[in-house]
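Participant: A single structure is presented below for examination.
The values are calculated or read from the model by the stated rules, or taken from the named source; none is laboratory data. Because the structure is predicted, anything quoted here is derived from the model rather than measured. Counting neighbours? That spans all protein chains shown, and the Cβs are built from the backbone with ideal geometry, glycine included.
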Amino acid sequence: MKIAVVILNWNGKELLKQFLPSVIQHSKEAKIYVADNDSSDGSLKFLETEFPEVTIIDNKVNAGYAGGYNLALKNVPEDIHILLNSDVEVTENWLKPIAETFSKEPETAAIQPKILDYKKKDHFEYAGAAGGYIDKYGYPFCRGRIFQELEEDHGQYNEDEYIFWASGACLAIRKNAFAEVGGLDEDFFAHQEEIDLCWRLLNKGYKIKYVSASRVFHVGGATLEHLNPKKTYFNFRNGLFLLLKNVEPAKLFYILFIRMILDGIAAFKFIFDGKFNHFFAILKAHASFYRHFGRMRKKRPKEFIFRKYYLISSVVYAHFIQKKNKFSEL
């Protein structure tokens, strides 16, 4: 199998300068691409001058994470595509366990490595940690990360595991499987589109896997700060999109109703915390959801695999009421 590492860039010249050398050094088995989303910081000229061995894909527009990768991957012929954030430091032999797993498991369509915090390297990082899961109401969490609680890595998640979603910070996926499900949903623009992609893969009968022997370090929040109201908007709106598109018909409206109540509680908590911009971001997220309801509903599959997709009914209740902060406590 031929492997491509594809880094999506938007005004990230400084990140490329910092992290691209580690990708080049430790990815000899792969062809490396940088897909540029219409940067205005001189990224393209910088790449041409400093990293001529890297293949540039010029998207010419800023189409976000989903649209940017959909555009770029049309120009990438390799069998395995690794979607890698520009703020990720890879490690020696990080590709080998991923390639071996794909070779041995034809039913596995997507893989993520162990994702650790670049700034605190003995801790898991928010965007993926040791593999992603989801609760009944669409709230994502990870082995090693429950909401803002990040666990220290002391080997507790060193076993490989089938998971529900693989992190978009470092997502390895088969080219043919990506195409089969129609790629990333560009209506998401950014945030949770990888969860939607993985859910659609699972609904086709594929598997998603976490491979612990592959390790990367992710800065996180480099393109959109963690407490940015825009991120709040995308997370809440896209969470509703995710449920509308993928939950089986018999349970859809009940789950959406409960999710909206929980979102309302979160909105009022932002008011009590004095974070009014985040309160209004949730209102805007719900307004956008209603506006796009018909459009997103048409994307539902014609057939569903009826199974329990969630690990726990409510991670919100487990964390905020029962005070469970670790994945092992769920």
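Participant: Let me spell it out: the conditions are (1) surrounded by 15 or more Cβ atoms within 10 Å (Cβ to Cβ); (2) touching a residue at least 60 places away in the same chain (Cβ under 8 Å); (3) closer than 21 Å to A129 by Cβ, and L240 meets all of them except one. Which number is the exception?
Facilitator: All conditions pass for L240, except number (3).
Participant: In contact (Cβ under 8 Å) with a residue 40 or more places away in the chain and surrounded by fewer than 23 Cβ atoms within 10 Å (Cβ to Cβ), is that true of K136?
Facilitator: Numbers: in contact (Cβ under 8 Å) with a residue 40 or more places away in the chain: yes; surrounded by fewer than 23 Cβ atoms within 10 Å (Cβ to Cβ): yes.
Yes, satisfied.
Participant: Exactly one condition in (1) farther than 26 Å from N203 by Cα; (2) surrounded by fewer than 24 Cβ atoms within 10 Å (Cβ to Cβ); (3) not polar (S, T, N, Q) is false for E125; which is it?
Facilitator: In the conditions (1) farther than 26 Å from N203 by Cα; (2) surrounded by fewer than 24 Cβ atoms within 10 Å (Cβ to Cβ); (3) not polar (S, T, N, Q), E125 misses (2) alone.
Participant: Hey, another quick one. Give me the residue from the stretch 128-181 that is among the polar types (S, T, N, Q) and within 22 Å of G205 (Cα to Cα) and, out of that set, nearest to the chain's Cα centre (by Cα).
Facilitator: First pass over the stretch 128-181, keeping only residues among the polar types (S, T, N, Q): 148, 156, 158, 167, 176.
With within 22 Å of G205 (Cα to Cα) added as a condition, the list becomes 167, 176.
Values: S167: 4, N176: 19 Å.
By that ranking, first place goes to S167.
Participant: Of the residues A287, A281, only one is small (G, A, S), in a helix (DSSP H, G or I), in contact with a helix residue (DSSP H, G or I) (Cβ under 6 Å, 6 or more places away or on another chain) and farther than 17 Å from I195 by Cα; which? It would help to see each step written out before you state the result.
Facilitator: Numbers: A287 fails: in contact with a helix residue (DSSP H, G or I) (Cβ under 6 Å, 6 or more places away or on another chain).
So the residue among A287, A281 that is small (G, A, S), in a helix (DSSP H, G or I), in contact with a helix residue (DSSP H, G or I) (Cβ under 6 Å, 6 or more places away or on another chain) and farther than 17 Å from I195 by Cα is A281.
Participant: Find the residue count for the stretch 74-101, including only residues that are hydrophobic (A, V, I, L, M, F, W, C) and either over 11 Å from V23 (Cβ atoms) or without any contact (Cβ under 8 Å) to a residue 40 or more places away in the chain (or both).
Facilitator: To start, the set of residues in the stretch 74-101 that are hydrophobic (A, V, I, L, M, F, W, C) comprises 76, 80, 82-84, 88, 90, 94-95, 98-99.
Okay, now just the ones that are also either over 11 Å from V23 (Cβ atoms) or without any contact (Cβ under 8 Å) to a residue 40 or more places away in the chain (or both), so 76, 80, 83, 98-99.
Selection size over the stretch 74-101: 5.
Participant: Just the residues that are surrounded by fewer than 14 Cβ atoms within 10 Å (Cβ to Cβ) and either in contact (Cβ under 8 Å) with a residue 60 or more places away in the chain or not assigned by TED's automatic domain parsing to the domain that holds R143 (or both), please, taken from the stretch 272-300.
Facilitator: R295
Participant: What is the residue count in the stretch 321-330 for residues that are free of Cβ contacts under 8 Å to residues at least 40 places away in the same chain, in a helix (DSSP H, G or I) and not β-branched (V, I, T)? Walk me through it before giving the result.
Facilitator: Initial filter on the stretch 321-330 (free of Cβ contacts under 8 Å to residues at least 40 places away in the same chain): 321-323, 329.
Add one more test, that the residue is in a helix (DSSP H, G or I), and what stays is 321, 329.
Then keep just the ones that are not β-branched (V, I, T); that gives 329.
Of the residues in that region, 1 qualify.
Participant: For the stretch 26-63, which positions are under 25 Å from A172 (Cβ atoms), out of contact with any Asp or Glu (no Cβ under 7 Å at 6 or more places or on another chain) and assigned to a helix (DSSP H, G or I)?
Facilitator: L47
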